[in-house]
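Working notes, structure below.
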Amino acid sequence: MHRRELFSFLTSSLKGEEKKVKEQILRPPYYNDINAFDTECQNCDGKCATLCQEQIIIIGKDKTPRLDFSKSGCTYCDDCAIACEFGVLEIKDKKMIDAIISINQSTCLSWNAVMCFSCKDPCLEDAIEFKAMFMPTIDESKCTACGFCISRCPTSAIDIKMI
Ligand code: SF4
Ligand code: SF4
Ligand code: SF4
């Protein structure tokens, strides 16, 4: 590969990576137009984050909000949508959080013969099913991707994948 081709390949790969990172931002579950975060939020002081009682909304360097499940989860309380004065988040656009939650069998204690129910207790949807007290799996038809189970897992075995 010539130097020019190599440079162009590396640049396009880096751009691809940037795009991938951008796509991984988990938004509050009340938007209609994904592009509005990049335009409208620039004029706002992050009211949605201030008013989220669970304090799971973080305002990034790009001034847009993203969900952070490292300490708590989303109650779908509508407060962020009520707070938004720029029409980015609206109650009429309420939806499920754009993520699929799953349990990593290689790091989950219960899948490795150690009794643990840490994820089951905070799940208000009763979406985590155990087989004879072990081998938990998440029932996607019940899971709301609220994220409450994530911070409770002692081995960080609950994965979140954007959809
Ligand atoms: S719905 Fe409520 S808990 Fe969820 S992000 Fe918005 S303000 Fe926070
Ligand atoms: S309140 Fe609305 S405009 Fe402000 S940061 Fe949150 S989503 Fe963006
Ligand atoms: S993310 Fe799904 S499995 Fe985890 S607590 Fe919420 S509803 Fe239950």
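For the chain, what is the relative contact order in percent, using Cα pairs closer than 8 Å and at least 6 residues apart in sequence? In percent, rounded to a whole number, it is 23.
Calculate what fraction, in whole %, of the accessible area of the chain sits on carbon and sulfur atoms when a 1.4 Å probe is rolled over the protein chains. Percent of accessible area from carbon and sulfur atoms in the chain: 55. A simple rule links phi to the HN-Hα coupling: the Karplus curve 6.51 cos²θ - 1.76 cosθ + 1.60 with θ = phi - 60°, which for region 45-59 gives 9, x, 4, 4, 5, 5, 8, 5, 5, 7, 6, 9, 9, 10, 8 Hz, with x for Gly and Pro. Considering helices alone, the calculated mean residue ellipticity of the chain at 222 nm is -6000 deg cm²/dmol, with DSSP H runs of length four and up weighted by -39500 (n - 2.57) and normalised per residue. Amide H contacts under 5 Å for Ile103: Ile138, Asp159, restricted to partners 5 or more places along the chain or on a different chain, H placed in the peptide plane at 1.01 Å from N. A simple count of charges around Thr137, restricted to other residues whose Cβ falls under 9 Å of its Cβ and scoring Lys, Arg +1 and Asp, Glu -1, yields -1. Taking the chain as a whole, the Cys residues whose C-beta sits 4.7 Å or farther from every other Cys C-beta are Cys41, Cys44, Cys52, Cys74, Cys77, Cys84, Cys108, Cys116, Cys123, Cys143, Cys146, Cys153. For the pair Ser70 and Thr137, what calculated FRET efficiency results from E = 1/(1 + (r/R0)^6), where r is the Cβ-Cβ distance and R0 = 30 Å, to the nearest 0.05? It comes to 0.85. Under 1.5 on a/c is rounded, so check that first for the chain, then, if it is not, pick prolate when a/b is larger than b/c and oblate when it is not; a ≥ b ≥ c are the square roots of the alpha carbon gyration tensor eigenvalues. Oblate, because a/c is 1.5 or more while a/b does not exceed b/c. Only protein heavy atoms count here; on that basis, with a 1.4 Å probe, Lys142 has an accessible area of about 80 Å².
The values are calculated or read from the model by the stated rules, or taken from the named source; none is laboratory data. Predicted, not measured: the structure shown is a model, and the values here were computed from it. So basically every Cβ, Gly included, is an ideal-geometry build from the backbone, and we count neighbours across all protein chains shown. Just the protein is used for accessible areas: all its heavy atoms, side chains included, with ligands, DNA and RNA removed. Shrake-Rupley method; radii C 1.70, N 1.55, O 1.52, S 1.80 Å.
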